[in-house]
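Bear in mind these aren't lab numbers, they're just calculated from the coordinates by the rules spelled out. These numbers come from a predicted model, not from an experiment. Please note: Cβ atoms are built from the backbone with ideal geometry, for glycine as well, and neighbour counts cover all protein chains shown.
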Amino acid sequence: MDWNDIKNIVLMIVGCYSLVIFVVNELLIEEPMLDLKLLKNYTFCMSNIIMNIAMLALYGGVFLMPIFLQQIRGLDSMNTGLILFPEAIATAISMVLYGKIGNKFDVRLFAVFALILIGINSYSMSKITLDTPNMTIMILLMIRGFGVGFLMAPVQTVGFSGLPKTAMSNASALTNTVKQVGTSIGVTIITSVMQHRNVIDYSNLASQVTSFNKNSMKLYEMLQGVFIKSGMSAGNAQGIALNKMFGEVALKAQLQALNDTMLVISIITAIVIIPTLLLKQGKQEEIKVIEAEG
């Protein structure tokens, strides 16, 4: 996000103001569109936070990998889609698998296992280079998708377990809304982190391309020689060689920014492991609700 653009700042202020007005309105009226009071339940509230971390991790791969594969690797949209598609399949498989065996174990164990899997996976993806095979990237994305599927289902189960059955419809609507908002915020965070790191990494790498750096001068002279041999004039060869060098710098800076962003995602994922362990699974008892109404 460009904070120097006044339009973006105004839109952010208007958005925040509208959100505050919406929250106040929903808390004051008798029949709100979204029952925000459900967030007073610690388990339900924390489960929504953890699910949004899962969405952040998921969209970290969905959003960043196309940038890497198309802009940095130079792949077309078809090959990029073929590499990304197995991640969605892995997520679906893990959610179905959890539905079959999830009731046999403590759901928190699934969630913690998934967080550890996603954290390790994100750290591994922060080490991706230009030489990393496409098959390796596909496998990493599948592992990420598998972990996200194993995380979202059990966390949502724990979150709903502490609420009365009469509140399930309101809780479901609130969870879906929080997911949508969380996804937007997550993509914004990912974009901001990557853009910020891209600027810093480019500045650091570009500062090394000087006449005092022997390696950069050797590369510059080599490129210039190649262009001169191809029939270019010395002046044109110098300009093109310089553009080529800084193009490579921009490419490496973008890759480094992507790696830095994946590292941030791995850190965020690790932070929520302890809150996930502290989640308490409740029991929905219709008797208590009936007694309270009676």
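Compared with the dominant principal axis of the Cα atoms in the chain, helix 6-28 is inclined by about 10°. Cβ under 15 Å from L140's Cβ, L140 left aside: what net charge do those residues give with Lys, Arg +1 and Asp, Glu -1? Local charge sum for L140: +1. Select from L205, L11, N41 the residue farthest towards the positive end of the dipole of the chain; place +1 on Cβ of Lys and Arg, -1 on Cβ of Asp and Glu, and compute about the Cα centre. The residue sitting most towards the positive pole is L205. Helix 42-66 and the long axis of the chain differ in direction by around 30°, with both axes built from C-alpha atoms.
May I ask which residue of V24, L151, I118 lies farthest towards the positive end of the charge dipole of the chain, with charges of +1 (Lys, Arg) and -1 (Asp, Glu) on Cβ and the Cα centre as origin? Among V24, L151, I118, the one farthest towards the positive end of the dipole of the chain is I118.
So if each residue of separation counts as 0.36 nm, and I subtract the Cα-Cα distance between I271 and F113, what length gain in nm does that give? If you can, show how the numbers build up before the last one.
Numbers: separation 158, 0.36 × 158 = 56.88 nm, distance 1.37 nm.
Net length gain for the segment: 55.5 nm.
Here's the picture: a label point sits 7 Å out from the Cα of K252 along the beta-carbon direction, and within segment 116-144 the residues with their amide nitrogen under 15 Å of it are 129-131.
Each Lys and Arg contributes +1 and each Asp and Glu -1, all at the Cβ; summed about the Cα centre of the chain, the dipole is approximately 800 debye. P(r) for the chain, from all Cα pairs and a bin width of 5 Å, is 1, 5, 9, 12, 13, 12, 11, 10, 7, 5, 4, 3, 2, 2, 1, 0, 0, 0, 0 %, short bins first. Note the angle between two axes, namely the Cα long axis of helix 107-125 and the longest principal axis of the Cα atoms of the chain, as a number of degrees from 0 to 90, rounded to the nearest 10. Approximately 10 degrees, to the nearest 10.
Pairwise Cα distances in segment 1-158 exceed 24 Å in 52 percent of cases. Of the peptides 43-50, 266-273, 164-171, 99-106, the ranking by mean beta-carbon count within 10 Å, highest at the top, reads 43-50, 266-273, 164-171, 99-106. Filter the cross-link list K40/K165; K7/K37; K40/K100; K40/K104 down to pairs whose alpha-carbon distance in this structure exceeds 25 Å. Cα-Cα > 25 Å for K7/K37; K40/K100; K40/K104; rest within. For segment 92-204, the square roots a ≥ b ≥ c of the C-alpha gyration tensor eigenvalues yield an a/c of 1.5 or more together with a/b not exceeding b/c, which makes the shape oblate.
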